[in-house]
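*Asks:* Please read through the structure below; I'll follow up with questions.
The values are calculated or read from the model by the stated rules, or taken from the named source; none is laboratory data. Treat the numbers as computed from the prediction; the structure is a model and nothing was measured. Note that each Cβ is placed from the backbone with ideal geometry, even for glycine, and that neighbours are counted across all protein chains shown.
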Amino acid sequence: MMQKKNIKPIIEVKDLHKSYGTNHVLDGFHLDLYEGENLVVMGKSGSGKSVMIKCLIGLEQPDSGSIIIMDKNMNDIHREDLDEIRTEVGFLFQGSALYDSMSVRENLEFPLRRHTKKFGVIEDTTPLVMEALENVGLENTINLMPNELSGGMKRRIALARTLILKPKIILYDEPTTGLDPITSKEIIMLMKSIQEKYKTSSIIITHDIDCARVIANRMILLIDGINYAEGTFAELSASKDPKIEAFFK
Amino acid sequence: MNMISKFIESLKSFLIEIGELSYFTGKFFVEVFKRPFEFKEFIRQCYYMGNRSLLLVGVTGFIIGLVFTLQSRPTLEEFGAASWIPSMVSVSLIREIGPIITALICAGRIGSGIGAELGSMRVTEQIDAMEVSGTNPYKYLVVTRVLATTLMLPLLVFFGDVIGIYGSYLVENLKADVSLTLYINQVINILEFSDVIPSTIKSFFFGFAIGIVGCFKGYNCKKGTAGVGKAANEAVVFISMLLFIIDFIAVFVTNIFYDL
């Protein structure tokens, strides 16, 4: 495992709590993400992985705890600063979340047109759109509508939309869920190549063990709302703890 | 006891919903004046809503004008007042029937459409995707749609009224050989600004109600895909109820001005 003691994390989560009524989804969860690192968070369905990742980007409000992203405290952040952070933090949704009423080109242009602070006013977005599509190998889909794409293609386009803002951090919410094994493998390799090309840091929420094996520099097992175990894939897969073993069987 | 507690629960949730709708409406007035203005999306929505309802409003207006004249003609003839048909039809259509019928059609057509569209965007995380891409989804989705319905409904009402009056003229032409010029002259002679202005103002409120309630139901849609259908359905019911309340208030206020 890499020694990170002297490096400042780009995402720092401390003592995160989130409940829905009497259901305590997160109960003191914490994590650090370092530059260039792929951190995989695994857990059973309903263990609060997606809630945690949505708290990071401000889609859910935690009950308590602190989230610091690139030195900005998310607890007392203004809307303008939050939008600025969001240009640096990409989010890949579980169901792709492509805008139904827009073509692939418009889906990719959508965030671009709204971040004039980062890129200036772009007269011709085509080169940037094409670059993002080339990264995911789908240049020929530019004029298609989302309903004309397969599940795997949608996931790739969603990834291209995330990449178009050139984020420093990418949050993946179950990137391979609902895909066949071959497409899953392609998405995993795509994530890996993107990380190598753009030197992004990633938090990957998954329960796909193959995805974790290929991509994880470090892993956290989220069980009962807490960090049950942390380590590399090799360390955790060698564990004799029955709760940890259950994930690797 | 069980029934009372159920009633109290329903009343409580109704009041909570009214509170949430008020907050949602208040947010509209805050966001509408803030930059950036989503002008392109607003124009797209105007075209989409107007275009989508034009045929239905036209056909309904035409049939109402036609039927209204056919039904009232025998009675008016009995009293020797058949020549009053153009006046009666135009005043009724412009003051009351045109706005309320058009608004009810648009509640079913546009209100439910907005509820279902935004509801489906909510459950498929498209609204969240907008949020994380740094766009204000409320401004992009809600403000544009509410402005579009507010602006388009009076235009649709005007269109429906004109077609309705034309339908009435056709009956008059067939039954009594009334010329178009004579019919239109009678309509123009009887109509006053006090007929047209209140009904136009009322139509703006109808349009606003359709937009804001449709957006409210869709934007706050929960419980997966089943919630989308529920959002669309509730939007129509809520809007229809609200339209009659607005209509009652509008008539009440207009009468006060007439009395002055």
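*Asks:* Conditions: (1) more than 9 Å from chain A (Cβ to nearest Cβ); (2) crowded, with 23+ Cβ neighbours inside 10 Å. B:Tyr138 meets all but one. Number of the miss?
*Replies:* Result: B:Tyr138 passes all but (2).
*Asks:* Being at the interface with chain B (Cβ under 7 Å from one of its Cβ atoms) and assigned to a loop (DSSP other than H, G, I, E, B) is the filter here; which residues of the stretch A:89-99 pass it?
*Replies:* Those that are at the interface with chain B (Cβ under 7 Å from one of its Cβ atoms) and assigned to a loop (DSSP other than H, G, I, E, B): A:Phe93, A:Gly95, A:Ala97, A:Tyr99.
*Asks:* Which condition number in (1) free of Cβ contacts under 8 Å to residues at least 24 places away in the same chain; (2) surrounded by 21 or more Cβ atoms within 10 Å (Cβ to Cβ) is the one that A:Pro175 fails?
*Replies:* Here A:Pro175 clears every test but (1).
*Asks:* Can you say whether B:Lys230 is away from every other protein chain (no Cβ under 14 Å), of a type in the set (Lys, Arg), part of a helix (DSSP H, G or I) and crowded, with 19+ Cβ neighbours inside 10 Å, as far as the supplied structure shows? First the steps, then the outcome.
*Replies:* Working: away from every other protein chain (no Cβ under 14 Å): yes; of a type in the set (Lys, Arg): yes; part of a helix (DSSP H, G or I): yes; crowded, with 19+ Cβ neighbours inside 10 Å: no.
Taking the combined requirement at face value, the residue does not satisfy it.
*Asks:* Follow-up question, since we're still on this one. For the stretch A:112-129, name all the residues that are at pLDDT 85 or above and either within 13 Å of another protein chain (Cβ to nearest Cβ) or surrounded by 15 or more Cβ atoms within 10 Å (Cβ to Cβ) (or both).
*Replies:* A:Leu128, A:Val129
Listed here are the residues, each with its yes/no results for (1) out of contact with any Leu (no Cβ under 9 Å at 6 or more places or on another chain); (2) in a helix (DSSP H, G or I); (3) of a type outside the set (Lys, Arg).
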{"site": "A:Ala132", "(1), (2), (3)": "no, yes, yes"}
{"site": "A:Asn143", "(1), (2), (3)": "yes, no, yes"}
{"site": "A:Gly152", "(1), (2), (3)": "no, yes, yes"}
{"site": "A:Arg155", "(1), (2), (3)": "no, yes, no"}
{"site": "A:Ile188", "(1), (2), (3)": "yes, yes, yes"}
{"site": "A:Ser193", "(1), (2), (3)": "yes, yes, yes"}
{"site": "A:Glu235", "(1), (2), (3)": "yes, yes, yes"}
{"site": "A:Lys243", "(1), (2), (3)": "no, yes, no"}
{"site": "A:Phe247", "(1), (2), (3)": "no, yes, yes"}
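*Asks:* For the stretch B:68-80: of the residues being out of contact with any Ser or Thr (no Cβ under 7 Å at 6 or more places or on another chain) and in contact (Cβ under 8 Å) with a residue 40 or more places away in the chain, which is surrounded by the fewest Cβ atoms within 10 Å (Cβ to Cβ)?
*Replies:* B:Leu70
*Asks:* Then there is this: Only one of B:Ala176, B:Ala116 is over 26 Å from B:Pro36 (Cβ atoms) and within 14 Å of another protein chain (Cβ to nearest Cβ); which? Before the answer, list the steps.
*Replies:* Details: B:Ala176 fails: within 14 Å of another protein chain (Cβ to nearest Cβ).
Checking each option against the conditions leaves just B:Ala116.
*Asks:* Out of A:Ile164, A:Ile157, A:Ile142, A:Ile169, report the one residue that is within 14 Å of chain B (Cβ to nearest Cβ), at pLDDT 90 or above and over 21 Å from B:Val123 (Cα atoms). Please lay out each step first, then the result.
*Replies:* Details: A:Ile164 fails: at pLDDT 90 or above; A:Ile157 fails: over 21 Å from B:Val123 (Cα atoms); A:Ile142 fails: within 14 Å of chain B (Cβ to nearest Cβ).
Just one listed residue meets the conditions, A:Ile169.
*Asks:* Here's something else I'd like to know. Looking at A:Ser47, A:Ser19, which is the one that is in a strand (DSSP E or B) and either over 13 Å from the mean Cα position of the chain (by Cα) or surrounded by fewer than 21 Cβ atoms within 10 Å (Cβ to Cβ) (or both)?
*Replies:* Every option except A:Ser19 fails the conditions.
*Asks:* Filtering the stretch A:195-212 down to residues that are assigned to a helix (DSSP H, G or I) and touching a residue at least 12 places away in the same chain (Cβ under 8 Å), which residue is surrounded by the fewest Cβ atoms within 10 Å (Cβ to Cβ)?
*Replies:* Step one: list which residues in the stretch A:195-212 are assigned to a helix (DSSP H, G or I), which gives A:195-198, A:209-212.
This time we only want the ones that are touching a residue at least 12 places away in the same chain (Cβ under 8 Å), so: A:195, A:197-198, A:209-212.
Details: A:Gln195: 18, A:Lys197: 10, A:Tyr198: 13, A:Ile209: 15, A:Asp210: 13, A:Cys211: 24, A:Ala212: 22.
The extreme case among them is A:Lys197.
*Asks:* Look through the stretch A:59-88, keep the residues that are assigned to a loop (DSSP other than H, G, I, E, B) and away from chain B (no Cβ under 14 Å), and return whichever of them is nearest to B:Val123 (Cα to Cα).
*Replies:* Initially, the stretch A:59-88 is screened for residues assigned to a loop (DSSP other than H, G, I, E, B), giving A:59-63, A:70-71, A:77-78.
Checking the rest, the ones that are also away from chain B (no Cβ under 14 Å) come to A:62-63, A:70-71.
Working: A:Pro62: 21, A:Asp63: 23, A:Met70: 30, A:Asp71: 32 Å.
Taking the candidates together, the pick is A:Pro62.
*Asks:* Scan the stretch A:30-69 residue by residue and report those that are among the β-branched types (Val, Ile, Thr) and closer than 22 Å to A:Thr87 by Cβ.
*Replies:* Filtering the stretch A:30-69 down to residues among the β-branched types (Val, Ile, Thr) leaves A:40-41, A:51, A:53, A:57, A:67-69.
Result: A:Ile53, A:Ile57, A:Ile67, A:Ile68, A:Ile69.
*Asks:* Please identify the pairs in which a residue from the stretch B:81-99 that is under 12 Å from B:Val187 (Cβ atoms) has its Cβ atom under 9 Å from the Cβ atom of a residue that is hydrophobic (A, V, I, L, M, F, W, C) and not in a helix (DSSP H, G or I), counting only partners at least 6 apart or on another chain.
*Replies:* Note: pairs meeting the criteria are B:Ile85/B:Val178; B:Pro86/B:Val178; B:Ser87/B:Leu191; B:Met88/B:Ala81; B:Ser90/B:Leu191; B:Val91/B:Leu191; B:Ile94/B:Leu191.
*Asks:* B:Ser10 - would you say it is surrounded by fewer than 19 Cβ atoms within 10 Å (Cβ to Cβ) and among the small types (Gly, Ala, Ser)? Full working, then the answer.
*Replies:* Values: surrounded by fewer than 19 Cβ atoms within 10 Å (Cβ to Cβ): yes; among the small types (Gly, Ala, Ser): yes.
Yes, satisfied.
*Asks:* Consider B:Phe29 carefully, then state whether it is of a type outside the set (Gly, Ala, Ser) and loosely packed, with under 10 Cβ neighbours inside 10 Å. Working first, answer last.
*Replies:* Numbers: of a type outside the set (Gly, Ala, Ser): yes; loosely packed, with under 10 Cβ neighbours inside 10 Å: yes.
Yes.
*Asks:* Something else: Among the residues of the stretch A:100-111, how many are touching a Phe, Trp or Tyr at 6+ places or on another chain (Cβ under 9 Å) and at the interface with another protein chain (Cβ under 8 Å from one of its Cβ atoms)?
*Replies:* Matching residues across the stretch A:100-111 total 1.
*Asks:* Hey, any hits in the stretch A:213-221 for a residue that's of a type outside the set (A, V, I, L, M), within 27 Å of A:Asp100 (Cβ to Cβ) and without any contact (Cβ under 8 Å) to a residue 40 or more places away in the chain?
*Replies:* The initial filter retains those residues of the stretch A:213-221 that are of a type outside the set (A, V, I, L, M), namely A:213, A:217-218.
Cutting the leftovers down to within 27 Å of A:Asp100 (Cβ to Cβ) gives us none.
Within the stretch A:213-221, not a single residue is of a type outside the set (A, V, I, L, M), within 27 Å of A:Asp100 (Cβ to Cβ) and without any contact (Cβ under 8 Å) to a residue 40 or more places away in the chain.
*Asks:* Is it the case that some residue within the stretch A:71-78 is crowded, with 16+ Cβ neighbours inside 10 Å and in contact (Cβ under 8 Å) with a residue 60 or more places away in the chain?
*Replies:* No, the conditions are met nowhere in the stretch A:71-78.
*Asks:* Additional query: If you go through the stretch B:51-64 one residue at a time, how many are under 20 Å from B:Thr150 (Cβ atoms) and surrounded by fewer than 19 Cβ atoms within 10 Å (Cβ to Cβ)?
*Replies:* Within the stretch B:51-64, residues that are under 20 Å from B:Thr150 (Cβ atoms) and surrounded by fewer than 19 Cβ atoms within 10 Å (Cβ to Cβ) number 4.
*Asks:* Look at B:Leu151 and say whether it is at negative phi, aliphatic (A, V, I, L, M) and more than 14 Å from the chain's Cα centre (by Cα). Steps first, please.
*Replies:* Numbers: at negative phi: yes; aliphatic (A, V, I, L, M): yes; more than 14 Å from the chain's Cα centre (by Cα): no.
Taking the combined requirement at face value, the residue does not satisfy it.
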